[in-house]
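Just below is one structure, and these are the notes that go with it.
Bear in mind that the values in this text are calculations on the coordinates, not laboratory data. These numbers were taken from a predicted model, which means no experiment stands behind them. Every residue, glycine among them, receives a Cβ derived from its backbone with ideal geometry; neighbour counts consider all protein chains shown.
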Amino acid sequence: MTENFSEIINEETAPQKLLQWSGEYERTCGHKPLALIHSYGCQQNVSDGEKIKGMLSKVGYEFTSDVNEAQLILYNTCAVRENAEDKVFGKLGDLKHLKENNPELIIGICGCMAQQKHVAEKIKKTYRQVDLVFGTFAYNDMYNMLWEIISKHDRIFNLSENHVDINEDFLQLRDDKIRAFVPIMYGCNNFCTYCIVPYVRGRERSRKPESVIAEVKALVKNGYKEITLLGQNVNSYSYGFPELLRELDKIEGDFRIRFMSSHPKDASHELIDAILECKKVCKHLHLPVQAGSDRILKLMNRRYTTADYLKIIDYARSKDPEFSFTTDLIVGFPSETYEEFCETKELIKKVKYDNIYSFVYSRRSGTKAAEMEDHISDKQKGLWLRELLLEQREVSTAWLSRFVGRTVTVLPTGEGRTGADYLTGKSDEDMIVEVKADKKYIGKFIQVRITKAMNWALRGELVEDK
């Protein structure tokens, strides 16, 4: 079909050309061009995917989840762990036959994985069905790249490393109508030795407070109940993160605020105080510790000790004994011993995390840790991970049991695992709660009396609307 529309060159800009092309496509084919956008990885990637969908909707695209219907397939990728990349390469292989049957299909890769030169080279040589590869700094050029492919059948690889100014004026097309991610900053300056993020997302850039506040106000006006502020390290927000929380807390409406992530080296008493003072901010902090051994933390370039970390925990719990913490943990970092791994287990017991997000160390090419000798077998790492999860299961069960008999505020977001009669949501403390209740309560704050604690969630009964 593209040949019929490739002469649309009389408009001034790529968005205008694409909009005219999509109109011609609809008149010829009977429907608007369809795009499939799939985001892998973290919440920031989900937010980027929403931005991409917003951009495409402006030039006439609609969306599908069926690869067989799509005229554009775009995978928004993650580079934090190797298995995430393997999934994408597997997907690309599956699409080869679709491209053979439909040469007009546009297949693209974007995001963190695409920002790596060795990945782009592999795709260029091995996955000839891919038309478009662009990294994390090229979103603003997406219209031009897409038009070049449609009009000239070019393959485009854009790995620009120019840290362009943050575009404050963009439309995000969100699938979730209850919870919204709001990025407040991009990039990272910390260069932890295991982490690829500073290399693929660049140095820290912060959005202006007035832009963030305006976006949150608009979301609340449109009925969103939970706003999650995003940043690789929100404590590095250039305009003062505690101050931003206090300003957002002044916004009128029935909603709550979460955020992630905080770097322990920058977590302060001022941050804890702001969380506790703000009525709309959840009394929960995701504080990635990564390891319980000071030697391993130094090798990771985390720039704090376990004693430093525990001071933040102790301060928060001295102000509010129910203050909730979750964390990230890496198992099997190069040269880690079993004794050092056991220090991580001890830290879990000391902190009493609500939940942990634990992963086996994944070597990332280009990072400092990739140059370290890794003597720990994959089998051993897997055994340690299971041991860690069993430890956390005991901690979670004991910690969650304290809530039996109490009443907590819950925001149901869908059906529960227990059955169709149950709804699932999270409490302000970030605990998963299942409650037997009508679906009319989805997206509304409700009061739930906790009747049972499991190792992964709480169960309760509906008390009343909030």
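Details
- Charge tally around LYS298: other residues with Cβ under 15 Å, Lys/Arg +1 each, Asp/Glu -1 each, net 0.
- If the Kirkwood radius is taken over C-alpha pairs of the range 284-402, then at 4 °C and 1.567 mPa s the Stokes-Einstein diffusion coefficient equals 87 µm²/s.
- Extents of the chain, taken as max minus min of Cα coordinates on every principal axis and listed largest first, are 68, 56, 44 Å.
- Placing pseudo-labels 7 Å out from each Cα toward the beta carbon at ARG317 and SER268 gives an inter-label distance of 2.5 nm.
- Taking the C-alpha atoms only, the angle from helix 338-351 to the longest principal axis of the chain is near 70 degrees.
- Pairs of Cα atoms nearer than 8 Å and 6+ residues apart set the relative contact order; for the chain it is 9 percent.
- Note on ARG295 and ARG402: with the Förster distance fixed at 35 Å, the Cβ-Cβ geometry gives a FRET efficiency of about 0.55.
- Taking chymotrypsin sites (Phe, Trp or Tyr not before Pro) in DSSP loop conformation with at most 15 other Cβ atoms inside 10 Å as exposed sites, the chain has its longest uninterrupted site-free stretch at 240-455.
- Volume in Å³ per residue [convex hull over Cα atoms, computed for the range 176-282]: 99
- Tilt relative to the chain, helix 117-126 - C-alpha long axis, 0 to 90 degrees, to 10: 50
- Model label points for ASN455 and THR126, set 7 angstrom from Cα along the Cα-to-Cβ axis, are 3.7 nm apart.
- Our coupling estimate for the range 137-145, obtained by passing each phi through the Karplus curve with A = 6.51, B = -1.76, C = 1.60 and θ = phi - 60°, is 9, 10, 4, 5, 9, 4, 4, 4, 5 Hz, Gly and Pro reported as x.
- Per-residue extension of 0.36 nm, minus the Cα-Cα distance of LYS349 and LYS368, leaves a gain of 3.8 nm for this segment.
- Taking the chain as a whole, the Cys residues whose C-beta sits 4.7 Å or farther from every other Cys C-beta are CYS29, CYS42, CYS78, CYS110, CYS112, CYS188, CYS278, CYS282, CYS342.
- Residue-count net charge about LEU388 - beta-carbon cut-off 14 Å; Lys, Arg +1, Asp, Glu -1: -3
- Label point of ASN140 set 7 angstrom out along Cα-Cβ; within the range 171-186, amide nitrogens under 20 Å from it belong to 171-173, 183-186.
- Ellipticity at 222 nm from helices only: DSSP H runs of n ≥ 4 in the chain, each -39500 (n - 2.57), divided by the residue count, give -11000 deg cm²/dmol.
- Computed from Cα atoms, the angle from the helix 43-58 axis to the main principal axis of the chain rounds to 30 degrees.
- For SER335, the shell of other residues with beta-carbons less than 10 Å away shows a net charge of -3, using +1 for Lys and Arg and -1 for Asp and Glu.
- Compactness index (Cα Rg / 2.2 N^0.38 Å), the range 204-248: 1.15
- Label-point gap, in nm, between LYS436 and LYS221 - each point 7 angstrom along Cα→Cβ: 4.2
- Translational diffusion of the range 407-465, µm² s⁻¹ [Kirkwood Rh, Cα pairs; Stokes-Einstein; 20 °C; 1.002 mPa s]: 200
- Considering only ASN144, LEU56, VAL80, the residue lying farthest towards the positive end of the dipole of the range 2-158 is VAL80, judged by Cα position with unit charges set on Cβ.
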